[in-house]
Amino acid sequence: MTVVLVTGGASGIGAAVARRFARRGAQVVIADVNAAGEAVAAEIGGLFVPTDVASERDNDAAVLAARETFGGLDIVHLNAGTGSGGVEFDLDAYRRIMAVNVDGTMYGLRAAVRGGARAIVVTSSLAGISPASFDPVYSASKHAIIGLVRSFGSALTDVTVNAVCPGFIDTPMIAAFRDRLPEHGLAVADPDEVAAAVEQIADGDETGQAWAVQAGQLAKVDFPPVELVRC
Ligand SMILES: NC(=O)c1ccc[n+]([C@@H]2O[C@H](COP(=O)([O-])OP(=O)(O)OC[C@H]3O[C@@H](n4cnc5c(N)ncnc54)[C@H](O)[C@@H]3O)[C@@H](O)[C@H]2O)c1
C-alpha cells in the first residue's frame, strides 16, 4: 500500500492532498504545527504527527513515524509554508519565512530521501517563478524552493523531485483578500485542483520540474537554457 506524508496537511492544499491520496487507498501521514491535523487524520484513517518543519529533528521524526506506523514511505509532499504579506524590511519575519519555507524544504528533502521516498513534490508558488511585490521575502523563499527542486532533481537518481507552483487557491492563506480577486478578473482554484496535480506529478517520471497550477490549468514551467561561455 502506498504511504504518503504531507507537511502542512492540516489545512488548505495539504488537507486536499491528504484526502485525495486517502481516497485512492493510501496510508497518509499529516505533519503540521496545527493540531487541526488530528481531525483530518482521523477523518481519513491516517496518522497526525505534530511537526514544525523548521526543525530538522521534527522532519526526521515525521518520516520515522511514517515508516514505523505504515512500514515504508513512497510519496512526500513538502507543502507547509508561510508568508508575511508585507514589504517592510522586517528581519524577524524574514528569518521565520526562510526557516519554514526554505529550511523546512531542505530538511524535508533530506528526511524524505533518507526515508526511501520515490517521489517528492514541494509546494512553491507562482510567486516562486515571478516577482511578488506584495510579499518579496515570501517570493524569494519560493524562488529558493525552485532552485532546490531543479538542482536536486538533476542530482538524485532514485527519486523524482518536482515543484507545484499554485496561483490563487481558495485556502485560509488568501482569506484576507480572496473575495476581491474576482473583481480584478482573477480566478481562484479549488485546493483539490492542486491535489490532482500533485497526484499526477508524483505518479509521473519527470523530475526537476516546476508545474504551474491555476484554475483549470496545469502547465510545466519553461526555464530559459543557460549557455556557458567557452574559452
Ligand atoms: N493558497 C494559495 O493561494 C497559495 C498559492 C501559492 C502557494 N501556496 C502555498 O501552498 C502551501 C499551502 O498553503 P495553503 O494555501 O494550503 O494555506 P493554509 O494556511 O491553509 O495551509 C498551510 C499549512 O501549513 C502549516 N504550517 C505553517 N507553518 C508550518 C510549520 N512551521 N510546520 C508545519 N506546518 C506548518 C499550517 O499550519 C497550515 O496547516 C504553502 O506553502 C503556500 O505558500 C498557496
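Within region 117-128, which residues are in a loop (DSSP other than H, G, I, E, B) and closer than 15 Å to residue 197 by Cβ? Result: 124, 125. Identify, please: which residue in region 47-69 is within 11 Å of the ligand (Cβ to nearest atom), of a type outside the set (D, E, K, R) and more than 16 Å from residue 18 (Cα to Cα) and is, among those, surrounded by the fewest Cβ atoms within 10 Å (Cβ to Cβ)? If we take residues in region 47-69 being within 11 Å of the ligand (Cβ to nearest atom), of a type outside the set (D, E, K, R) and more than 16 Å from residue 18 (Cα to Cα), then 55 is surrounded by the fewest Cβ atoms within 10 Å (Cβ to Cβ).
In this structure, residue 98 does not qualify as within 14 Å of the ligand (Cβ to nearest atom), surrounded by fewer than 24 Cβ atoms within 10 Å (Cβ to Cβ) and either basic (Lys, Arg) or more than 14 Å from residue 136 (Cα to Cα) (or both).
Entry remark, region 10-45: residues being away from the ligand (no atom under 13 Å from the Cβ) and not charged (D, E, K, R) number 9 in total. When the criteria are applied in full, residue 193 fails the requirement of being surrounded by fewer than 14 Cβ atoms within 10 Å (Cβ to Cβ), acidic (Asp, Glu) and either in a helix (DSSP H, G or I) or more than 16 Å from the chain's Cα centre (by Cα) (or both).
Throughout, read-outs are computed from the coordinates displayed, never taken from laboratory work. Worth saying up front: this structure is predicted, and the values here are computed from it rather than measured. Positions of Cβ are backbone-derived with ideal geometry, glycine not excepted, and every protein chain shown enters the neighbour counts.
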